[in-house]
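A short worksheet on the structure shown next.
The values are calculated or read from the model by the stated rules, or taken from the named source; none is laboratory data. What you see is a predicted model, and the numbers here were worked out from it, not measured in a lab. Here the Cβ positions follow ideal geometry from the backbone for every residue, glycine too, while neighbour counts run over all protein chains shown. Just the protein is used for accessible areas: all its heavy atoms, side chains included, with ligands, DNA and RNA removed. Shrake-Rupley method; radii C 1.70, N 1.55, O 1.52, S 1.80 Å.
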Amino acid sequence: MRNIFIIAAASLLITSCAVIRPGEAGVKQRLGKLDSKVTTQGTIVFNPFTTKVIKESIQTNNLKLALRIPSKEGLSVDSEISILYRLEVEMIPTVLRNIGPNYKDVMSAVFRSASSDVCSQFFAKDMHSGKRADIEKAIKAKMEETLTSQGIIIEAVLMKSIQLPQGLSFSIEQKLQAEQDAMRMEFILQRERLEADRKIIEATGTRDAQMILAQGLTPEILKIRSIEAFIELSKSANSKVIITDGRTPYLINEAKN
């Protein structure tokens, strides 16, 4: 019985356990050689004298860089970059074997090379305009040519902050201000043109109405209107003085009874 306890205690001393949490992956390294099996969740039992467990994150990670990017016209643009990446689970042993645990340094070097190649094809103002998305996609594609086959997945390249040279920034601001002034003036002119068109249409309508009314006042119509006026006057109970030439009544005075 005593021997059994000794053997059990010795077994506990020469074994250890590593816990792999969600979002992690673990790989055994026995006598310097990486195991091809990757554990993504659970426990790994190993001999601490001959083996160790290397843990790596398999979540989406953010690598932040601050550097100067060259432009097509030869200017240097200060930029803050975020590279969103993750490790392909089944290729973690390949990443550790070919690149090593400091793979972030390799990613940074690959990005610097890719960004220099891509940004040198664009003007500095393009990095501050709607072409920024095109630049980000081009850098991402350039990085994937090197890193995807190594087990590093680039999910996005984000140019968060672009600081143009002071002189260029001032020139762009002046241009944007001039464009806004031109747009505002065009709006004012368009509004005035619409108002002028409205007045012309209104005057034309009034003129046409008067012409139609004048054309409709024939002698026959005037006679009918005079008869209607006489009829209406005759219905009134009040005394009145009416002077007429037989065609048009003129009411001079009206007195109530």
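Here are some notes:
- Separation between Cα centres of the range 40-57 and the range 77-142, rounded to whole Å: 31
- Amide H contacts of V77 (H built 1.01 Å from N, under 5 Å, at least 5 apart or other chain): I69, S71
- Here the simple spin-label model places points 7 Å from the Cα toward Cβ, and for E155 and E179 these points are separated by 3.3 nm.
- In this view, the solvent-accessible surface of E136, computed with a 1.4 Å probe and all protein chains in place, comes to about 40 Å².
- F187 accessible area, assembled protein chains, probe 1.4 Å, Å²: 130
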